[in-house]
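As structure tokens, the structure follows; a few thoughts come after it.
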Amino acid sequence: MVTDHKKILPEKQTQMVRSIFASISDRYDFLNHLLSFGQDFVWRKKAVRSMHFFSTMKCLDVATGTGDIAFATATAFPHVSVTGIDFSPSMIAIANKKWSRKKNSPSVAFITGDATQLPFPDNSFDTAVIAFGIRNIPDRQKALEEMVRVILPGGRVVVLEMVSQQNRWIQMWYQWYLCHILPTIASFFSPHKKAYRYLGDSILQFPSIQDFHALMQKSGLKIITSESLTMGITQLFVGQKLG
């Protein structure tokens, strides 16, 4: 059964999501790789290849989690400085721990902050990216508008997100996996089965691809890429700031 998070007040949803990610932060990376069958590496590489750096040589990774896409960006573009921001202090702590273990430390910094109130001046970055995080933000348009604000005109906003299936038959299997199989597998490795049930629900309740295109356009972006990955399980959206 899918929980309707639209009926939860935004403030309560934010508190709930923060609590969920705090509870699973120590197993987050392992379970992401396991439950996506390793496809999350492929998806992140695809997102990084869609980035464009032309002026500031800076990238903002919103809802960075434990920093995987921030590190992937810094590795692919050694001349680029990457800032990762997340509202979960426990996630940021793990990202910083991972950064400290890297032998050739890339130019990456992590801070705690709110995606809907980014603590950066206008036109500070060439690219802003959010991977598997926009669905957990109640005010998605505000988060997109903030990402648009902090990038230069002509800069890119890259959104990587798991979405509901367009194919009716695949959707039936996908919903069963998200609502039943995923939480059950997760429960063998983490005591927080309800957290993974929420994550499955949040994917199923994500807007349609067409509706998310409209949201991006309303936020001031021209869509230049919208690509389905791995049989439509994940969608890569790339928008360019107008002006």
Distance between Cα centroids, the stretch 50-72 to the stretch 139-185: provide it in whole Å. 18 Å
Express in % the proportion of alpha carbon pairs of the stretch 75-180 at distances exceeding 25 Å. 35 percent
Which pairs, out of K97/K241; K58/K98; K97/K222, put more than 26 Å between their alpha-carbon atoms? K97/K241; K97/K222
Whichever aspartates and glutamates have a C-alpha closer than 19 Å to that of K45, once near sequence neighbours (fewer than 8 apart) are set aside: D29, D61, D68, D126, E161, E227
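All of the numbers you see were taken from the coordinates with simple rules; none came from a lab. A quick note: this is a predicted structure, and the numbers were derived from the prediction, not measured.
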